[in-house]
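First the structure, in the form of structure tokens, and then the observations on it.
The values are calculated or read from the model by the stated rules, or taken from the named source; none is laboratory data. Here the structure is a predicted model, which means the values were calculated and not measured. Methodologically, a virtual Cβ is constructed for each residue, glycine included, from the backbone with ideal geometry; neighbour enumeration extends over all protein chains shown. In case anyone asks, the SASA skips ligands and DNA or RNA and just uses the protein heavy atoms, side chains included. Shrake-Rupley method; radii C 1.70, N 1.55, O 1.52, S 1.80 Å.
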Protein chains: 2
Amino acid sequence: MKFKKNAVFFVALFVYSISIAQSNKSLEDFKPSLVNQQGKLFPQVNSERRVRASISAPEANKVQLDIGGVKYDMVKDDKGVWTGESAPQDEGFHYYQLNIDGASVPDPGTKYFYGAGRWGSGIEIPAVDQEFYTLKDVPHGLVSENIYFSKITNSFRRCFVYTPAGYEKDAKIRYPVLYLQHGSFEDETGWQTQGKANLILDNLIAAKKAIPMIIVMDNGYAYKPQSGEPNARPTSVFEEVVITEIIPMIDTKFRTIADREHRAIAGLSMGANQTMRIIMNNLDKFASYGGFSGTSNYPSTAEIDPATFLDGKFNDGAAFNKQIKVFWLGLGTKEPNPFPGSVGAFRKMLEKQGIKYVYYESEGTAHEWLTWRRSLHDFACRIFQ
Amino acid sequence: MKFKKNAVFFVALFVYSISIAQSNKSLEDFKPSLVNQQGKLFPQVNSERRVRASISAPEANKVQLDIGGVKYDMVKDDKGVWTGESAPQDEGFHYYQLNIDGASVPDPGTKYFYGAGRWGSGIEIPAVDQEFYTLKDVPHGLVSENIYFSKITNSFRRCFVYTPAGYEKDAKIRYPVLYLQHGSFEDETGWQTQGKANLILDNLIAAKKAIPMIIVMDNGYAYKPQSGEPNARPTSVFEEVVITEIIPMIDTKFRTIADREHRAIAGLSMGANQTMRIIMNNLDKFASYGGFSGTSNYPSTAEIDPATFLDGKFNDGAAFNKQIKVFWLGLGTKEPNPFPGSVGAFRKMLEKQGIKYVYYESEGTAHEWLTWRRSLHDFACRIFQ
């Protein structure tokens with residue numbers, strides 16, 4: 001009996017070891033990532049959504065692939081080339097970097113993206129629904145870099161402006177405008193690079209699922225010029241810049257329909273928080289709102305008192321429903337705390353107040369760009385209709 | 001006497017040693033480069049135009065700053081931070097990289113630029129005349145990303161289009177167009193990032209030194225779809241793409257003056273070579289040309305026979321002078337071989353043929369972007385006048 005038990009145990013251990021070894025072996029169907037630099041073979045992604053990175057570093061002692069908060073050791077071959085793989089990643093876009101003997105550097109194989117507070121590498125894991133943001137042979141809008149001087153911040157600022165296909169053709173047609181904001185440690189470049197806002201709208205407009213619209217993507221960081229006082233905390237003046245500088249500039253420079261019904265504002269994460277405050281403080285300017293993975297009670301998950309929250313702006317549900325055309329919230333099913341809790345508490349408040357809103361869930365995505373691409377895709381179909 | 005001689009020798013050696021030590025010690029007035037990522041203190045540049053790079057790499061054995069074709073060893077401090085300096089660099093913009101234990105990687109301190117066949121680090125050495133490309137509080141044009149599908153190459157392509165300030169205001173005003181090309185191993189992003197074409201034109205137009213114009217910056221690499229034959233050399237179809245796809249698209253999408261007198265074409269290095277061929281083959285399309293650090297006889301420095309060169313297009317000097325409004329050539333005084341020789345041979349041919357042209361020299365610059373910024377600045381003032 002004893003011997004038999006042991007035999008079973010060892011057989012079980014042997015089978016278990018094989019399955020471990022198998023699960024650690026990646027499927028060999030790796031392909032170069034879609035956001036690699038032209039002609040670069042690495043990084044690659046396989047059908048299990050593993051990332052394989054590779055870099056020549058003949059004299060290095062230790063090279064790691066640093067993605068999704070985990071550092072994966074890479075292995076050196078006899079030519080000095082280090083290669084390594086990550087565990088399966090979520091579908092969509094992720095920031096990552098390499099670590100070479102303690103130095104955190106971009107992977108020279110990829111294009112670079114601004115996020116996590118720095119220009120660095122990104123990788124694209126093919127998604128089940130990627131068609132909606134794929135570059136196709138449909139009419140394409142333009143994305144224009146627009147530099148301006150802000151008197152409020154005493155600095156040069158920049159926004160990118162999407163004008164839909166056909167904007168140049170008929171000088172009499174005017175368009176509604178969506179103001180679309182990035183998240184924390186990101187900037188005005190995020191929505192049209194990793195966000196693919198232009199391709200999403202090109203495809204939606206070509207399929208007649210969204211109304212042709214202008215999209216303005218500015219930088220959510222805007223501060224009063226420093227007073228010179230030591231340790232003075234910078235004062236955010238983003239709302240003032242939006243209302244008194246950006247909107248008048250856009251309405252002058254582009255053929256907009258310059259009223260609240262034809263103006264929407266949306267943002268992701270920090271941008272969702274900022275833009276909710278902006279619309280609620282400026283209901284004469286905007287009629288629709290999109291909060292992608294964020295609400296203004298962030299990071300609190302506590303019950304919200306509508307009498308006091310945002311100066312009671314959500315206290316009169318009936319008045320709110322009359323004024324707001326689209327109030328849209330979205331979240332990925334894999335978002336980390338505190339997002340599910342804080343967005344959940346916000347939704348409970350809306351429901352208690354009888355406020356009508358759209359709620360969207362992005363399946364299998366976290367606090368990352370595929371959640372927000374999908375959010376924009378859903379939101380853009382609902383506004384200005 | 002002998003002793004005295006030796007003493008003089010040793011004193012001289014001592015003085016010489018001091019001066020060596022002094023010349024190796026950098027002036028401590030380093031400032032962060034203007035093209036650093038926001039908030040990044042390194043790389044830096046001092047008034048001697050030395051570049052100082054710095055990166056944390058605690059476990060590395062060897063870290064080098066690789067700039068201008070020279071690798072400079074960096075030195076590790078007790079916190080694992082490596083720092084090192086280059087010899088003085090030329091004024092203007094330079095590509096560079098770091099080497100960490102044999103891995104060539106971008107410096108995580110800088111923004112990234114496409115050049116030398118890859119997205120990588122760049123540094124900006126202040127120039128004596130940098131005012132002309134400095135971002136100033138003047139009216140700014142827009143730079144638009146324009147995606148299109150090319151039937152000739154069977155691929156998506158992209159150009160950036162500069163429209164001058166005020167373009168949006170009056171829908172009746174039409175503008176001349178400059179087609180402006182990058183060099184080899186660069187792409188359509190070069191002219192408005194490292195080239196600063198938009199800022200150069202914004203400043204020139206605000207000062208009424210240049211006529212408001214549209215600038216089209218496309219990608220000079222365009223090939224026939226691969227036949228599938230093994231080892232088939234790709235056939236460049238850039239001229240065909242320019243003439244039959246890009247120009248008609250620009251003339252449809254933008255308010256251009258669509259005739260040869262209001263169309264100019266220019267390029268740098270490989271782009272100078274390409275665009276010279278394009279204008280000479282299409283004199284019905286363009287009337288002005290700018291060759292920045294390049295000519296179509298490249299890399300030859302031999303005497304040119306105008307009867308045969310480019311199918312005899314330069315053979316009739318008088319006819320040439322009637323047809324071409326501006327024929328412009330430029331070169332940096334520090335350009336390496338074969339550029340001085342090949343451009344020199346080309347100029348000799350022009351002079352022999354009695355062809356009128358402008359020749360510009362950029363003082364103290366090599367085959368790099370300050371030469372080309374200055375070239376654009378000079379050229380843009382002369383066209384469409």
Could you tell me whether region B:65-84 includes any residue that is touching a Pro at 6+ places or on another chain (Cβ under 7 Å), open to solvent by less than 40 Å² (accessible area, probe 1.4 Å), closer than 24 Å to residue A:64 by Cα and more than 8 Å from chain A (Cβ to nearest Cβ)? no
Might you let me know whether region B:158-171 holds any residue that is within 11 Å of chain A (Cβ to nearest Cβ), polar (S, T, N, Q) and either surrounded by 18 or more Cβ atoms within 10 Å (Cβ to Cβ) or in contact with a Pro (Cβ under 9 Å, 6 or more places away or on another chain) (or both)? yes
Evaluate the following for residue B:118: is it among the charged types (D, E, K, R) and under 30 Å from residue B:49 (Cβ atoms)? yes
Which helices (runs of 4 or more DSSP H) sit wholly inside region A:181-284 and have at least 1 residues that are under 28 Å from residue A:154 (Cβ atoms)? A:238-241, A:247-253, A:270-281
What is the one condition in (1) open to solvent by 20 Å² or more (accessible area, probe 1.4 Å); (2) assigned to a loop (DSSP other than H, G, I, E, B); (3) more than 7 Å from chain B (Cβ to nearest Cβ) that residue A:127 does not satisfy? (1)
Quick one: residue B:135 ticks every box in (1) in a strand (DSSP E or B); (2) open to solvent by 40 Å² or more (accessible area, probe 1.4 Å) bar one, so which box is it? (1)
Could you count how many residues in region B:318-332 are open to solvent by 60 Å² or more (accessible area, probe 1.4 Å) and without any contact (Cβ under 8 Å) to a residue 40 or more places away in the chain? 2
Selected residue (criterion: farthest from residue A:192 (Cα to Cα)) from residues of region A:100-124 that are outside any strand (DSSP E or B) and open to solvent by 10 Å² or more (accessible area, probe 1.4 Å): A:102
Taking region A:172-198, which residues are surrounded by 16 or more Cβ atoms within 10 Å (Cβ to Cβ) and within 10 Å of chain B (Cβ to nearest Cβ)? A:187, A:192, A:198
Which numbered condition residue A:116 fails, given (1) within 12 Å of another protein chain (Cβ to nearest Cβ); (2) within 21 Å of the chain's Cα centre (by Cα); (3) under 30 Å from residue A:325 (Cβ atoms): (3)
Of (1) without any contact (Cβ under 8 Å) to a residue 60 or more places away in the chain; (2) over 25 Å from residue B:58 (Cβ atoms); (3) of a type in the set (Lys, Arg), residue A:40 satisfies all except one. Which? (1)
Determine, yes or no, whether residue B:87 is open to solvent by less than 30 Å² (accessible area, probe 1.4 Å), more than 18 Å from residue B:194 (Cβ to Cβ) and part of a loop (DSSP other than H, G, I, E, B). no
Confirm whether residue A:286 is buried (at least 19 other Cβ atoms within 10 Å of the Cβ), aromatic (Phe, Trp, Tyr), over 25 Å from residue A:174 (Cβ atoms) and more than 14 Å from chain B (Cβ to nearest Cβ). no
Go through the residues of region A:340-348 one by one and say whether even a single one is in contact with a helix residue (DSSP H, G or I) (Cβ under 7 Å, 6 or more places away or on another chain) and crowded, with 17+ Cβ neighbours inside 10 Å. no
Subset of region B:148-157 that is more than 9 Å from chain A (Cβ to nearest Cβ) and surrounded by 16 or more Cβ atoms within 10 Å (Cβ to Cβ) - its residue that is farthest from the chain's Cα centre (by Cα): B:152
Take residue A:97 and tell me if it is polar (S, T, N, Q), part of a strand (DSSP E or B) and within 13 Å of another protein chain (Cβ to nearest Cβ). yes
From the options B:337, B:321, residue that is of a type outside the set (Asp, Glu) and closer than 27 Å to residue B:381 by Cβ: B:321
Say whether the condition of being under 24 Å from residue B:141 (Cβ atoms) and β-branched (Val, Ile, Thr) is met by at least one residue in region A:190-213. yes
Taking region A:131-147 and keeping only residues that are more than 7 Å from every other protein chain (Cβ to nearest Cβ) and over 12 Å from residue A:192 (Cα atoms), one is left with A:131, A:132, A:134, A:136, A:138, A:139
Have a look at B:301, B:244, B:295, B:308 and point out the one that is closer than 23 Å to residue B:333 by Cα and open to solvent by 60 Å² or more (accessible area, probe 1.4 Å). B:301
Taking region A:38-64 as the region of interest, how many residues are open to solvent by 50 Å² or more (accessible area, probe 1.4 Å), at pLDDT 95 or above, small (Gly, Ala, Ser) and under 16 Å from residue A:107 (Cβ atoms)? 1
Test of understanding: among A:252, A:256, which residue is surrounded by fewer than 17 Cβ atoms within 10 Å (Cβ to Cβ), under 24 Å from residue A:384 (Cβ atoms) and either hydrophobic (A, V, I, L, M, F, W, C) or more than 23 Å from the chain's Cα centre (by Cα) (or both)? A:252
Name the residue that is farthest from residue B:323 (Cα to Cα), counting only residues in region B:333-385 that are polar (S, T, N, Q) and touching a residue at least 40 places away in the same chain (Cβ under 8 Å). B:365
For residue B:209, all conditions in the list (1) open to solvent by 10 Å² or more (accessible area, probe 1.4 Å); (2) within 19 Å of residue B:265 (Cβ to Cβ) hold save one; what is the number of the exception? (2)
